[in-house]
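Accompanying notes for the structure given below.
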Amino acid sequence: MVIHYTAMTSAEAALKRLCLPEAEVSAHYLIGADGTTWQMVREEDRAWHAGAGEWRGLTDINSRSIGIELDNTGATPFAEAQMAALEVLLPVILSRWDISPENVIGHSDMAPGRKIDPGPRFDWQRLERQQLAAQRGHSDGPQDAPMDHFRTLARDIGFTSNVDDDTLLAAVRLRYRPWGSGPLVPADFTPLGHTALWT
Ligand SMILES: [Zn+2]
């Protein structure tokens, strides 16, 4: 289950593009800012929404996932009606295909450094509260060099793409701490289910 934003100015423009064969992009669903939901590809069929990337060691995400595009430029908050429509659609798809909340991800989770959608304005916590995305517990863990430890934990929750430290950190932050910046800090470990022990 991969969530995107369209990076376009209107749902109509996005619809047009997603239906153009030569654009070579498609998604199963598009949700407009007003909550209107369009289905463009049958769930059992492959759509071209994910591209190159990796999640939990799996590649060819297009063949294994359902893509939902949200009409949003990336520069504005997601509309309430749109989030409400997503919350109606998601549970139905998750139960139909037996998809766990851990596998509801953003495009940036599977393509760190290449994609940033659905971006820092997407309200993941809202989905987490409804078990529509994975929430991490807090516990203490073993500690080697902070970045090695961070890489291990990120890999454990699915960030298996082979990217450099900064790119990985940026991708995990986009998902869990979009306000985070600068070098790795202890707070970066919290969403991964561990408290950082280094000082
Ligand atoms: Zn995307």
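The values are calculated or read from the model by the stated rules, or taken from the named source; none is laboratory data. These figures come from a predicted structure and were not determined experimentally. Counting neighbours? That spans all protein chains shown, and the Cβs are built from the backbone with ideal geometry, glycine included.
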Report task. Mind listing whichever residues of segment 42-64 are closer than 14 Å to GLY106 by Cα and of a type in the set (Phe, Trp, Tyr)? Result -> TRP55
Query raised in the report: Do you know which of the residues in segment 28-40 that are within 15 Å of the ligand (Cβ to nearest atom) and modelled with pLDDT of 95 or more is surrounded by the most Cβ atoms within 10 Å (Cβ to Cβ)?
Result: ILE31
Query raised in the report: If you go through segment 62-104 one residue at a time, how many are among the hydrophobic types (A, V, I, L, M, F, W, C) and within 11 Å of the ligand (Cβ to nearest atom)?
Result: 2
Query - Pairs with Cβ under 7 Å, 6+ apart, first in segment 91-117 and under 20 Å from GLN130 (Cα atoms), second of a type in the set (Asp, Glu) - result: ILE93/GLU43; GLY106/ASP117
Query raised in the report: Is there a residue being surrounded by 15 or more Cβ atoms within 10 Å (Cβ to Cβ), in contact with a Gly (Cβ under 9 Å, 6 or more places away or on another chain) and not small (Gly, Ala, Ser) anywhere in segment 88-97?
Result: no
**Report entry** Any hit, segment 62-76, residues being loosely packed, with under 14 Cβ neighbours inside 10 Å, closer than 15 Å to PHE159 by Cα and of a type outside the set (S, T, N, Q)
**Finding:** no
Report summary line: The condition from (1) in contact with a His (Cβ under 6 Å, 6 or more places away or on another chain); (2) under 21 Å from ALA84 (Cα atoms); (3) not β-branched (Val, Ile, Thr) that ALA47 misses is numbered (2)
